[in-house]
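Right, one structure below, let's go through it.
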Amino acid sequence: MDDGRIPGLRAFAARVAGVFGSRKRDSDFDEEVQAHLQLLADRFAAQGMSREDAAAAARRQFGNTTMLQEDRRELRTLTSVEDLGRDVRYALRSLGRSRAFTAVAIATLGLGIGASTAIFSVIDNVLLEPFPYKDPGRMVFLRIRDTARGQEGERQGYTSNEFLEFAEQNHVFEGVIAASDDVVLYKQGEGVEQLYGADVTPGTFEFFGMPALYGRVTQPADYQPGAPPVFVMRHKTWMERFNGDPSVLNKTFVLNGRARTLIGIMPPRFGWYEADVLIPESPVRGVSTGFAGLPARWFLLGRLKPGVSKAQAAADATIIANHLARINPQDYPAHFQVLVKRLGDTVVGRFESTLYTILAAVGLLLLIGCGNVANLMLARATSREKEFALRAVLGAGRARLVRLLLVESLVLAISGAALGVLVAWGGLKLIVAAMPQNLIPAESVIELNTPVMVFTLVVAVLTAVIFGLAPALQAARRDLNDPLRDSGKGVINGFRTGRMRDTVVVMEVAVSLTLLIGAGLLMRSFVALREVHLGLQADHVFETQLPLPADRYKTAAHVRGFFQPLLARVKAIPGVVDATESSALPPYGGMDSKMEISGKSHEEEWHTQLQNVSEGYFRVLRIPFKMGRAFREAEINDARKVAVVNETFVSAFLCGEDPIGRRIKLAGLETLADPVSEPWFEIVGVVADVTNQGLERPVEPEVWVPYTVTGSGEQILLVRTQQTPMALMNEVHQAVWATDAGVALAFPGALEDRISQSLYAGPRFGFLLMTIFGCLGLILVTVGVYSVLAYATARKTHEIGIRMALGAERADVFRLVIRAGLRLVTTGVAIGLIVSLLLGRAIEAELWRGVKPYDPATLAGTTVLLLGTAALACWIPAKRAARVDPMVALRYE
C-alpha cells in the first residue's frame, strides 16, 4: 500500500471510532482544556495578577474553546445520529417560523416530484417492466419484410408449416410457442355471444412461467388426439362476463358448437394475445382452417438463449426463411429480410418516444421547481447572514453551517416528496384515464410500486442537494465582518447574492420557454393531424364485426343468404339511414393482393388493397365519386365481376389513362378458402382517396369488389343512423339474431369513437400532458420572477429612498425595477430559443408531417406569452417600489 494513503486511512478510522463514545471524548477534551486554562491562570497569578485577571488572561491567550471543540469534532468524528437529530429539530423549528416560505417551497417541490413520479410510474409499468412473465426481456417475435415495400410489406403471421420449421430448425431459441386467432361463439340467452379466442401451442403456459390462479393450465396430454376438449379463461373475462363466479370452473361450455371444459382461470396480469379464452391446438403440417375459413396464421414468440443477440437471431431465422421461400415461393417476396422484435413492440410502438418526451418535460418542470426553491433559499440565507456570522464567531465551522442548511433542504425535499406521492397517486388516475389503451400492453398495471417509490426517494435526495447546496455554500463563507456591519435589510451592501439569484431566474425562464415551445409544437401538430381529411364521414355510423361460423358459411352463396335479409332488416329499423357490408374497418384497408391490368406491362410486382363490400358502402361512409358509378344492387346479387378503385390506384398504375372499362386481375382472390376463379374485374367507378393505412403512411391503391364473389374474409356491418349510433345497438342485435341466432356481434361501437381512439389518442395524450406541464412551468416562472424582484426591491428600499430624495421620479423607479426584471427574462428567452432549436430533433419524431421543430408561429407565440406573463410579474414589485415614501425609506438603518 502507498504510504501516502496510511494517514488518510487512519484519519477516517479515527472519525468512525469517534462516532462511538462521543460524549465521553467530549468530556475528556473539556477536562483537558480546563487543565490547560488552570495552568495558564496559575502562571499569570504567579506573576502578580489577581485571580480574576489571571483567569481572563488565560482565556484570551488560549483562544475560543467552543471553536476548538467544534474543530476537534469535525476532525475526529463522523456526524452522529444525535447531531443530525439536533439539526433536524432545528430545521423544523426554523421552517415553522417561516410558514409562507415553507408552504411555497413544499408545494413547488411536491408538484415537480409528484409529476415526475407519476410519469416514471407510467414508463416503468408500460416500457420497463410491463410483463409479469419469466425473462420477458428475451422474448422476441419475427417479421418478414418485403424490402421493396418497407413497412407496408411486413407480415408476422405464419402457416403451420412455417411455424414448425422455425420451431424445429432454429439454433437461437430455448423455447418457441405460437397463437392463432379463433373467434369463439357461445350460447347466451336467445342468441350467442362472441369471445376473442386464441389457439395456443403446446408449452405455452410453461413458456410464460405462470400457473393458473384457479384450476390448472393445459398439459401435454390435452394436445393429444382424442383428448377431452378443454380451455383456459382470462381473469378479466371471468370477472366481466361471469362476475368472478368460482362455480364456472370445471363447467362445460358449448364453444363453436363443441362442448369444452373450463379447466383454469389465469392470474389478473396474464394477457397473452389479449384472448378471452385459450384453446389447446397442435399445428400440423399442411393447411389448417382458421378465422372466417381462412388459412390459420400463427403469431410466433420465442425466448432467446442467454447471450444471443437480436442480430444473431435474425441471421439464424433468415436461413430458415430462405429455405421456406424456395419451397413456397408464393408466400415470400423476391427480396425480403427477417426482423426480430421485442415483445411489446407491436403494442407500444411510437408511443414509447411520446412517453420519454413527456418524462423529459417533467424533468424540466422539476428543474424549474428546484430553481424556484433555490432562489427562495438564497433569499432566506441572505436575510440570515447575521445569524450565520454569529454562529461562526461562536465557533461553528464551515462544514457545520453547510450541513445545517443541507439538512433544512432535505427536510423540505422529504416533505415535498410526501406531498408528491399524494399528487402522483391522484394524477396517475387521471393519466391512466387519458392514456390510449390500445397502445398499452394488456399485462401492464400502472401503479405506485416499489421501484417507483425508490425513484421518488432518489429524486427527493437529489433535489435537496440541487437546490440546497448553492445557498449553503453561499451562506457558510467565513467573511464575518460584512454581515455584522450590515445593519438592516434596506442597505445596499446587504444585496450581494443577486447574481446567483439572477442566474437561477434566467435558467428558469429558459427551461420554461423550452417547455412552452414543446407544448406549442405538439398543439400545432395535433391540430394539423385533426385537419387531415380521411376521405369519409365517420359520424353517426355504427360498426360491428359479425364472425360467421365457418362450418355454415363457407361459400359466397351462404354469406349472401345471410346478409341480404340482414341488411333489409337493419334498413327497416327506425332511425337507420342506410346499411352496408364490408370486409375491413376504416381507416385501414383490406387484404393485400397482387394485381395485373389488362394491356399493361411492368417489371416489379403491383400490389393493391382489396375490400369486399355491398352496394351501399360508399353511401354509408359518404365517399364521393370522381368518375363512373357505384355498384348496382343487381351486380351485387348476381356476383358480377365489377370493381371500384381509388384515385391513387389510377395515378399509380394508369398514368392518367381513362380507368372506366379497364380490366384488372386480383390474384389475392385466388388464394382464399373460397377462391374466385378467373378473378378479372371491370372498373366501373373511381372514388376519392380514403385513408387506408392510418395517418402515418400515404394512401395506397385500393379496390372494392362485390362481397358476393367469395365467402371468405371478415364480415363487418356498417350502419348510418340519424341519432347516436350506440342507441341502436339492441335493435341491430335483434336484427342479427332474427337472421341467424348463431351469429354474435363482436366489438360493437361508434366508428367515429374507434377512429378517434386509434388515430388521435396518442397525439392527444402527449399534447395534453405537455400543455399542462408547460402551463405549470409558466406559473412557476412567474412566481420565481416575482419573488426575486419583490425581494430585491425590499432589500433596496434604502437605495430607492436615496434616489427619490435626490430627485428621482416615481416613473424612474418604476422603469428601474421593470428594466431589471425584463433584463433577466429576455436573457432567459434568448437562451431558451437557442436550446429549443438545438433540441428540436428530439421532439421532431412526435410532430405531424409539415410541422417543423422551428415553426416560426409557435416560437413567436410562446415567446410573446412568456414575455407578457413575466412583464406582469415585474409590474407588481415595480408598482410597489414606485410607491416608496423617501422619508420612511431613509429611516431604515
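When each of the peptides 438-448, 566-576 is scored by how many other beta carbons lie within 10 Å of its residues on average, the order from highest to lowest is 438-448, 566-576. Each Lys and Arg adds +1 at its Cβ and each Asp and Glu adds -1 at its Cβ; summed about the Cα centre, the stretch 587-723 shows a dipole of about 520 debye. Against the chain, whose longest principal axis comes from its Cα atoms, helix 65-76 is set at around 40 degrees. Projecting the Cα positions of V576, P549, M591 onto the charge dipole of the stretch 515-607 (unit charges on Cβ atoms of Lys, Arg, Asp and Glu, taken about the Cα centre) puts V576 furthest along the positive direction. Descending by average beta-carbon neighbour count within 10 Å, the peptides 841-853, 174-186 line up as 174-186, 841-853, the highest first. Note: relative contact order over the stretch 547-744, using C-alpha pairs below 8 Å and six or more positions apart, is 34 percent. Near Q156: Cβ cut-off under 12 Å, other residues only, Lys/Arg at +1 and Asp/Glu at -1. The net charge is +2. Relative contact order of the stretch 532-611: 19 percent, from C-alpha pairs under 8 Å at least 6 residues apart in sequence.
Every helix of 4 or more DSSP H residues in the chain counts as -39500 (n - 2.57), and over all residues that averages to -16500 deg cm²/dmol at 222 nm. What the Cβ-Cβ distance of D638 and E206 gives, at R0 = 60 Å and to the nearest 0.05, is a FRET efficiency of 0.65. Between the helical axis of 498-530 and the longest alpha-carbon principal axis of the chain there is an angle of about 10 degrees. Nearest 10 degrees is fine. How inclined is helix 81-97 to the longest principal axis of the chain, computing both from alpha carbons? Rounded to the nearest ten degrees, it is 90.
Give me the percent of accessible area attributable to carbon and sulfur for the chain, probe 1.4 angstrom. Taking all protein chains in place, the chain shows 58 percent carbon and sulfur surface. A crude spin-label estimate for the pair K251 and H335, with each label 7 Å from Cα along the Cβ direction, gives 5.8 nm. Per residue, the chain exposes 46 Å² of solvent-accessible protein surface, assessed with a 1.4 angstrom probe and all protein chains in place. Looking at (1) -0.47, -0.94, -1.11; (2) -0.46, -1.04, -1.32; (3) -0.38, -1.02, -1.27, which value of log10 I(q)/I(0) by the Debye sum over Cα atoms at q = 0.05, 0.09, 0.11 Å⁻¹ comes from a calculation on the structure shown? Correct label, based on the coordinates given: (2).
Using a cut-off of 23 Å between Cα atoms, the listed pairs K236/K429; K554/K641; K134/K341; K626/K852; K796/K879; K571/K626 include K626/K852; K571/K626 as exceeding that distance.
Once both labels are positioned 7 Å from their Cα atoms along Cα-to-Cβ, the gap between V454 and D28 label points is 4.1 nm. Selection among F299, V248, M266 by position relative to the dipole of the stretch 136-346 gives M266 as farthest towards the positive end (Cβ unit charges, Cα centre). The protection proxy used here, the mean number of other Cβ atoms lying within 10 Å of each residue, ranks peptides 94-105, 821-832, 782-793, 203-214 as follows, highest first: 782-793, 821-832, 203-214, 94-105. Summing Lys and Arg as +1 and Asp and Glu as -1 over all other residues whose Cβ lies under 13 Å from the Cβ of L669 gives a net charge of -2. Between R155 and A46, the modelled labels are 10.9 nm apart [label points 7 Å from Cα along Cα→Cβ]. Considering only P701, S282, A433, the residue lying farthest towards the positive end of the dipole of the chain is A433, judged by Cα position with unit charges set on Cβ. Separation of the stretch 813-841 and the stretch 110-153 by C-alpha centroid, Å? The distance from the Cα centre of the stretch 813-841 to that of the stretch 110-153 comes to 38 Å. Please report the net charge: other residues with Cβ closer than 13 Å to the Cβ of V254, K and R +1, D and E -1. Counting the neighbours of V254, the net charge comes to +3.
The values are calculated or read from the model by the stated rules, or taken from the named source; none is laboratory data. On a predicted model such as this, the values are computed, not experimentally measured, just so you know. In this analysis, Cβ positions are derived from the backbone assuming ideal geometry, glycine residues included, and neighbour counts consider all displayed protein chains. Areas reflect the complete protein model, heavy atoms only, side chains present, ligands, DNA and RNA absent. Shrake-Rupley method; radii C 1.70, N 1.55, O 1.52, S 1.80 Å.
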